[in-house]
Amino acid sequence: SDKATLARGGLRDTLLQVQVRRLAHTVDTNADEIKRATQSLGFSPERFRRLPVEDAPRVYESALRHFVPQGQPRWWWEHFPTSTGVHFTDGDGWRYLTELVPDADERGWFIAEDFVAPEYSVWEASVRDIQAVIAECYGFEFYVIQQQFRWLVCENHHDVVVAVGAEVEDRLREYDAA
């Protein structure tokens, strides 16, 4: 009967939702991977700091509004008004972060995309330390942002490093010419 089919479908949907929730608790998030990397590198929580849940949205939204004038895109890099991008065929563009930014020891914002809510985590660390952490992790999209929003560097899932801001765009263009 239709009721029995609907009931089985409803039960199946409910069981699927329970399984997905369980899976979400057993699968490491990108934030978990970052935390594990900071620990294996011996970084103190002050040296590589995850912003508290009440502060992270403010930094995220401020950066988003500065670099993407409107909307709430998941992939900011598709919506930058101006930027420079270079494809790194080996998927290792992140290895050049310290060479792209004006001061690798300057602390910046590190926004890592994730596959679970809130779909990003926000960290504060030097670009040098951010690069070291990325080296210890599997691939994910990220944004490295100067704290006064003078520049942004990101790497997307197409292995393209994108730079916004004259200081970093000029340096990235040098890799495109090489």
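Restricting the search to segment 36-65, which residues are surrounded by fewer than 18 Cβ atoms within 10 Å (Cβ to Cβ), touching a residue at least 24 places away in the same chain (Cβ under 8 Å), polar (S, T, N, Q) and under 23 Å from Arg128 (Cβ atoms)?
Hit for segment 36-65 is Ser40, nothing else.
For the subset of segment 66-111 comprising residues that are exposed (fewer than 13 other Cβ atoms within 10 Å of the Cβ) and of a type in the set (Ser, Thr, Tyr), which member is modelled with the highest pLDDT?
Here the residue is Thr82.
Could you list, in sequence order, all residues of segment 151-172 that are part of a loop (DSSP other than H, G, I, E, B) and either touching a helix residue (DSSP H, G or I) at 6+ places or on another chain (Cβ under 7 Å) or at positive phi (or both)?
Looking only at segment 151-172, we keep the residues that are part of a loop (DSSP other than H, G, I, E, B), and these are 151, 156-159, 165.
Once the filter is applied, which keeps residues that are part of a loop (DSSP other than H, G, I, E, B) and either touching a helix residue (DSSP H, G or I) at 6+ places or on another chain (Cβ under 7 Å) or at positive phi (or both), segment 151-172 yields Trp151, Asn156, Asp159, Gly165.
Looking only at residues in segment 83-137 that are hydroxyl-bearing (Ser, Thr, Tyr), outside any helix (DSSP H, G or I) and over 26 Å from Pro57 (Cα atoms), which one is nearest to the chain's Cα centre (by Cα)?
Result: Thr84.
The values are calculated or read from the model by the stated rules, or taken from the named source; none is laboratory data. Bear in mind the structure is a predicted one, so any value in this text is a computation, not a measurement. Because the Cβ atoms are built from the backbone with ideal geometry, glycine has one as well, and the counts that use them run over all protein chains shown.
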